[in-house]
Structure formats: structure tokens, C-alpha cells
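The values are calculated or read from the model by the stated rules, or taken from the named source; none is laboratory data. Treat the numbers as computed from the prediction; the structure is a model and nothing was measured. Neighbour counts run over all protein chains shown; Cβ positions are idealised from the backbone, glycine included.
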Amino acid sequence: MRYLLAGCGLVLWLSSAALAQTVEISLAGQTLAPVTAPFHVERLVDARPDRTRLGKVYRGLDNRPVSANFSHSLTDELMPLLRQALPAGPGTRPLLVRIHTLSIGETIRPTSETAEAELVLDFLEPVGSDGYRVLLSTGDMLENKGVDVTRRHAANIQTLLEQSIRQLSTLPPAPVPDTPVLTWDQVQAGQDGAPTVRYAVQTGPLQKGVYHTFEEFRNNTPSQDDGPFEIEKTPRRKKEWAGTFDIQPYYLYLDAQHPRRPVAKAWGISDGQTMYIRYRNHYFPLEAAGPDYSFTGFRNPEPDEMMTRAAMGAAFGLAGAALAAATLPDGSLPQRYELHLTTGRVVAHSLPTVGADGFVREDTAAVYLYRRPDSQPTQAVTVQVDGRQVGELLPGSYLALSWRDRRREMNLCVRGQAETCKVFVPDFAAATYLECGFGSSTEAAPTLKAVPPKEGVFYLKKFRSRQRPQ
């Protein structure tokens, strides 16, 4: 029993969500060469539906999952590169760049790491006094493998930007007739452009055949020289997969010695009714989901979970392995995935938060603001969110705040005799910790800064015993 309890402690220590500060990605070291095109970039619009972070990366020897975001705002990071590639000059026309998707990610396996980046954007041209017309929509993704791939994200974003900008040189001199003119509000709302593009697979009947690439699937043009095939379906036995099948397609041979062989190196396959995507060496049925597709596949265990399993087995033998199997999720559980049709990227779909009572909770970001003892112990700090007072802080106290809009910035202000503000979109994947206070007895405005989660948790636990959250 002593070893079993020790094993439980190891599971909690290794598999709990790590307290790590957001990894910051900077494009300051990247450059873009000028592109031959009659345009210059005048403005950038952030139309991403989720502006909370760029994505998730892994850090440390145990590959802890942590959030990643730009060091500065999206505009401050991208505009210098856009203006390098498309500088203003005699006769150049102004462009507005609208970002629909800009995200990064990492896949960690026992023997490899892969960095992913995805970019979807529009180039728009002003029309009249308050109109805009989409000239070009682009979307692409980039993957590369290596060691410590977190260092590659900035260069990957730069490459995707360059690929998009270079497509401007292929535009015809005159805009496409009947292109709709958008108002400024419609531009900001992300209307028209990349999200409205429809591909052949969405507009015509699904073609039967073997699809060797994502582009063949998107164009609804399977290879024609693969010969006959069949799709074998075997019911899955685990209860979490009830009503689903293991899918295995086979090429059919025409001689008795070789009646069939597995379709092993395809992107996907279709029987003319259902499309099956090959993902991590298994086939899963695809379903239309708005402008994209989705499917339910096997969950990819987090690296720290795999490390926990290995540690449990090494430390406690069969008992440890059994404990890890009973307490940690594995790679046989269902996971919902999204296939982005603009770029071909497959992304694990985040499941909604479910409370202890079994009800789904609204998507909410947690922001904790605290104040340590400082040089003005009697001066209260007034806290406002978007101009509305939400509380006051004296030394040794904290406030628990929430935010529910992934697209809109939170305007958080702290005021003594004067005011300090921070405008940001909180991270919805991990709590944000902020500290305010006075550095001297003469300061009129309190300082306001982000702190590492480990430090924030320490002070919150310390202050929580002294007060109830306001």
C-alpha cells in the first residue's frame, strides 16, 4: 500500500497541469524581401475568432504543455514584415490585410518533434470613401521536424507570410467583376473572403476512389490508376466506441496468390458515399462541419502523460503500470478533430469544460489580480474592467475576475491617485496572474504587471486564507 500511495503521488506530480509562463514568440528577428507587386500595406485587421493565444507548445525536459503568444500585439508583430515586403512607392495602391487564422502547434513523439504553423488571410483594396473589396484570399500550413521545434515558429510564420504575399504578383491588373464591396464593419466582422471560399468537394458529388493527397480530396479528384478496392468494416468492442467501426481498405488483386493488399499510403479513400481520412495510420469517416470537416479519431496522449506511464512502470513494475492505466488517459480514447479545408491542417478539437455536476460550463478565462504589502498600506487601489468598477484592493488581497469573449480585448485598469491600464485578451487555456502595487510612497499610479503562474498561485494561496474573494 505504501508503494501504491507513493505511485499516486507520482501520478499527481507528473500528470498535473504544469504551472508555466506563456512562451512568447517574437518576429523581430525575421525579415521579408520586397515583392514585385503594385501595392503597399496600409492597415491590418485581426479577424481571428480566437485571439487569446497563438497555440500550444511544449517546454522542459518533461514536455509540459504551455500557451504561446506573440511578445507584442498582432499588428506590432506583423506590420513591419508586411511593409518590408510591400513598401509604399510611386503609384502603389493601398492594401488592407485581414487575418482570419494565425496559429501554431507542436506534435511530440518519442523520437521526433514537429512544429506546425497555419495562416489564412485576405488582401483587400479600398473602394471609395468607406468600402473594401477582397482581391485575394490565401491559406497554407507548414510543418517541419527537429529538436526543440519551439524555436522554429517565428521563421515558419515568416515563411507563410512570404508565400501569401508572393501570390499578389499573379493577380490580374483589374479586379474580378462583381466582387462585393464591404463596409468597414463587415471587414472587421470577417465577412466574405477566405471563409466563404467553397471547393469542389463541397459543391459536387463525392467521387469514389483513393485520394493520395489533401489537394486531391479538396478538388474531388481521386487517382484513377489504383485499380479496384474494397473497404472492410469491423465493429469496435470498447464501450466508448460503441456503434463505430475499424476501417481497413484493401486493393484487390486478380490472382489467387495475392487476393488483396492494404491501402497503406493514401491520404484518404471514398466509396462514393463516405470519405475516410487516414490519420496516424487509421481511417476515420469525415463529416462536413460548416466550412470545414471533422472526424472522431484516437486521442494523442500528451508527452507528460507518456512520461508518467514510463516512470510508473519503471518505478513500481506491474503495479505501477496498472495504476497508470487506471488513472491516466491513453491513446485509445475518442478525440474530436477538425480538418481545415483552406489549409489541410488537422487540429484536435477542445472539449467544453464540464463541472462536477455534469453540466457544461460556459467558456471562461480566469484572471487573478493581487496586491502584496507595499509602501502605501492605507491607499486602496480601485479596479475597473471596461470602465466598470469591480472591486478594491488593499495590501494582502486579491480579486478573481473572468472574461468570456475570445475576440475582444479586456481593458483592466487599477487606480490610486492616477491610473494604470493593461489591454489584452486573456488566455482561456490557463489562468492569468497579475500583480499591482506601489513601488514608493510618492507614486500616484500603481504598477500593473503579469507574473509567472507559480508566483501567482503562491500569493493567492497566502491571501486566500485571509479573505474571501470579492
Check whether at least one residue in region 162-175 is assigned to a strand (DSSP E or B), at pLDDT below 95 and more than 25 Å from ARG407 (Cβ to Cβ), and report yes or no. no
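Quick test for you: out of GLU118, GLU125, pick the one residue that is of a type in the set (Asp, Glu) and within 15 Å of HIS340 (Cβ to Cβ).
Only one candidate passes the filter, namely GLU118.
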State whether the residues of region 219-240 include one that is modelled with pLDDT under 95, loosely packed, with under 12 Cβ neighbours inside 10 Å and under 15 Å from LYS265 (Cβ atoms). yes
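Quick one: which residue in VAL181, VAL210 is farther than 24 Å from ALA117 by Cα, surrounded by 13 or more Cβ atoms within 10 Å (Cβ to Cβ), in contact with a strand residue (DSSP E or B) (Cβ under 6 Å, 6 or more places away or on another chain) and assigned by TED's automatic domain parsing to the domain that holds LEU32?
Numbers: VAL210 fails: assigned by TED's automatic domain parsing to the domain that holds LEU32.
Only one candidate passes the filter, namely VAL181.
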When the residues of region 253-303 are narrowed to those that are assigned to a strand (DSSP E or B) and aliphatic (A, V, I, L, M), which ends up farthest from LEU333 (Cα to Cα)? LEU254
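Out of the residues in region 446-463 meeting the condition of being touching a Cys at 6+ places or on another chain (Cβ under 9 Å) and touching a residue at least 24 places away in the same chain (Cβ under 8 Å), tell me which one is nearest to SER67 (Cα to Cα). Lay out the reasoning, then the answer.
The first filter runs over region 446-463 and keeps only residues touching a Cys at 6+ places or on another chain (Cβ under 9 Å), leaving 446-449.
Restricting the remaining residues to those that are touching a residue at least 24 places away in the same chain (Cβ under 8 Å) gives 446-448.
Details: PRO446: 28, THR447: 25, LEU448: 21 Å.
Filtering first and then ranking leaves LEU448.
Listed residues LEU96, LEU102, LEU119, LEU81; which is part of a helix (DSSP H, G or I) and either under 14 Å from the mean Cα position of the chain (by Cα) or touching a residue at least 24 places away in the same chain (Cβ under 8 Å) (or both)?
Numbers: LEU96 fails: part of a helix (DSSP H, G or I); LEU102 fails: part of a helix (DSSP H, G or I); LEU119 fails: part of a helix (DSSP H, G or I).
It is LEU81.
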Taking region 417-428, which residues are surrounded by fewer than 16 Cβ atoms within 10 Å (Cβ to Cβ) and in a strand (DSSP E or B)? GLU419, CYS421, VAL423
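To keep it simple, each residue is scored yes or no on (1) modelled with pLDDT of 95 or more; (2) out of contact with any strand residue (DSSP E or B) (no Cβ under 8 Å at 6 or more places or on another chain); (3) within 24 Å of ILE108 (Cβ to Cβ).
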site	(1), (2), (3)
THR31	yes, yes, no
HIS40	yes, no, no
ASP46	yes, no, no
ARG51	no, yes, no
ASN63	no, no, yes
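Residues checked against (1) crowded, with 17+ Cβ neighbours inside 10 Å; (2) outside the structural domain of PRO65 (by TED's automatic domain parsing); (3) touching a helix residue (DSSP H, G or I) at 6+ places or on another chain (Cβ under 8 Å):
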residue: ARG371; (1), (2), (3): yes, yes, no
residue: ARG388; (1), (2), (3): no, yes, no
residue: ARG415; (1), (2), (3): yes, yes, no
residue: ALA430; (1), (2), (3): yes, yes, yes
residue: GLU435; (1), (2), (3): yes, yes, yes
residue: THR447; (1), (2), (3): no, yes, no
residue: PRO453; (1), (2), (3): yes, yes, no
